[in-house]
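Laboratory data are not the source of any read-out in this text; all were calculated from the coordinates shown. Here the structure is a predicted model, which means the values were calculated and not measured. All Cβ positions, even for glycine, are placed from backbone atoms using ideal geometry, and neighbour counts span all protein chains on display.
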Amino acid sequence: MSLGAIPEYLLPDTAAVRGDRLSIGGVDLIELAEQYGTPLFVYDEDHLRSRCREAVSAFPDGVAYATKAFLSQAMARLAWEEGMALDVATGGELHVALAAGVPADRLVMHGNNKSTAELEMALDVGVGRIVLDSFAEVDRIESLVAAGKTPPQVLVRLNPGIDVHTHEYLQTGITDSKFGFGVVSGEAHRAIELAAASPSMDLIGVHAHVGSQIFVAESFAKAIGALAPFLRDHDLEEISIGGGLGVAYITGESAPSITQWSESVMDACRRHGINARITAEPGRSIVAKAAVTLYTVGTIKEIDGVRTYVAVDGGMSDNPRPVLYGSGYEAFLPRAVLAERDKAVRIVGKHCESGDVIVSNAAVPSDIAVGDILCTPVTGAYGHSMGSNYNMILRPAVVFVRNGEARLVVRREKYSDLTTRDIPS
């Protein structure tokens, strides 16, 4: 196994080679690792802002950043500053967005099992709209409004019953799903009629999300075709196509840009005679390629006739996607970014699991050594946000880099943080 230098299209926009070393945002990655320690998430702020602006331009009727992909106060403020609304799916995500100073009316509240407390919180602060996901949720909102809360604007999430080409755990629009009201079952019509007749809510449109990490634009066109009759029959003013646009993670993959995705969606809406606001909720396509993760190599084990294991100081606690979905990643050494990657290894973490694998079949330079800084690109989505403290590992720091400067936006956890919720005996 031998690969050349890491492909440029897998790196953040401002990535540049200085000598043999890689910098992002004008900041050397090795120096970042020395200053902030590892594991470390490094985000290219210009990349983030560029994708937010592209999304706002591509969906002029409205676009919300899907915060589940990556959320911190700094990220919430950045997306809002660049003109995006924010999609939040729990009381916790709502709290962080509000703490960041994002106006409540710029928030869209999601979730397939919103509690009464979460809905009350959303109504109290005045979120922009709520996406209905169940009949129980309709009952909860009606009870809250009856108790004096202001009726919210709502979208009804429909399940179009569409099978898309992605991992089964990422399919959210198939008939057998916990999300939305089924089109095939007839629940979609009933939910829309119920919401339209209820004085406790203002029905403005429908929503669908068919899945994540989708590369085929036709999948979104199918969803639009399934939703079109509901818009016409009920004279609704908005359709949200959700998110799910895929990104390239490994050499040889390619994905549509946000603009190309929008063009496909708009074209499908025209073909189906939809004359309504067209909104979207991208997440992964905003943040995934904006970040890299830096690790320190701690152990290299050569097993004759089997494989070489390279163990780093993170793992499934900062990137669970390989364990959950079998997701592929690339790896390289930022000290020698242009070097031939001619050594086959398996990059693993430090957790007590044989499945704690970061890159199953990685190619790295043959002179990789203990103490090297190793980098995995395209880690800006669903790494930090899905992280854990398994084995009581300290969660990594996050830095934003721009114009030659780095700013810490999420500090590294301390051992004392691990016991802050314990009740002393």
- request: Tell me which residues come under 5 Å, amide H to amide H, from HIS207 once H is placed; ignore anything under 5 positions away on its chain.
  value: VAL156, ARG157, LEU158, SER240
- prompt: So which aspartates and glutamates pass the test for LYS178, namely a Cα distance under 17 Å, with those fewer than 8 places away in the same chain ruled out?
  reply: ASP133, GLU137, ASP163, GLU168, GLU187
query: Between VAL410 and residues 5 or more places away or on another chain, which pairs have amide H atoms under 5 Å apart, with H built 1.01 Å from N, and which residues are they?
result: VAL398
- line: As straight-line cross-link partners of LYS343, the qualifying lysines (C-alpha separation under 17 Å, not fewer than 8 residues apart within one chain) are LYS301
statement: Sorting PRO282, LEU10, MET266 by the position of each Cα along the dipole of the chain (Lys, Arg +1; Asp, Glu -1; all at Cβ), the one nearest the positive end of that ordering is LEU10
message: Name the residue from VAL292, VAL154, ALA196 whose Cα lies farthest towards the positive end of the charge dipole of the chain, charges +1 on Cβ of Lys and Arg and -1 on Cβ of Asp and Glu.
response: VAL292
message: In whole Hz and in residue order, list the ³J(HN,Hα) couplings for the range 225-242 that follow from phi through the Karplus curve 6.51 cos²θ - 1.76 cosθ + 1.60, θ = phi - 60°; x for Gly and Pro.
response: x, 6, 8, 3, x, 5, 5, 5, 5, 10, 6, 8, 9, 9, 10, 9, 8, x
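Considering only DSSP beta bridges whose two residues both sit in the chain, what percent are antiparallel, to the nearest 5?
Roughly 50 percent of the DSSP beta bridges within the chain come out antiparallel.
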- request: Give me the lysines in straight-line cross-link reach of LYS289: C-alpha distance below 16 Å, same-chain residues under 8 apart excluded.
  value: LYS68
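With contacts defined as alpha carbon pairs under 8 Å and 6 or more residues apart, what's the relative contact order of the chain in percent?
Normalised by residue count, the contact order of the chain is 22 percent.
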- prompt: Which residue fluctuates the most in the chain, going by a Gaussian network model with Cα springs under 10 Å, if the choices are ASP233, ASP202, ASP61?
  reply: ASP233
- request: Only Lys, Arg, Asp and Glu count, each charged at its Cβ (+1, +1, -1, -1), so figure out the dipole size of the range 225-296 about its Cα centre, rounded to 20 debye.
  value: 200 debye
field: Å³ per residue enclosed by the Cα convex hull of the chain
entry: 151 Å³
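In percent, how large is the relative contact order of the range 45-287, given Cα pairs closer than 8 Å and 6 or more residues apart? Write out the running numbers ahead of the final one.
Numbers: 501 pairs, mean separation 49.8, N = 243.
Once normalised by length, the contact order is 20 percent.
Just flag the trypsin sites (Lys or Arg not before Pro) in the range 246-340 sitting in loop per DSSP whose Cβ has no more than 15 other Cβ atoms within 10 Å. Provide the component values of the computation, followed by the final result.
Working: sites: ARG270, ARG271, ARG277, ARG284, LYS289, LYS301, ARG307, ARG335; in loops: none.
Nothing satisfies the criteria.
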message: Distances longer than 27 Å among the Cα atoms of the range 45-287: what percent of all pairs is that?
response: 30 percent
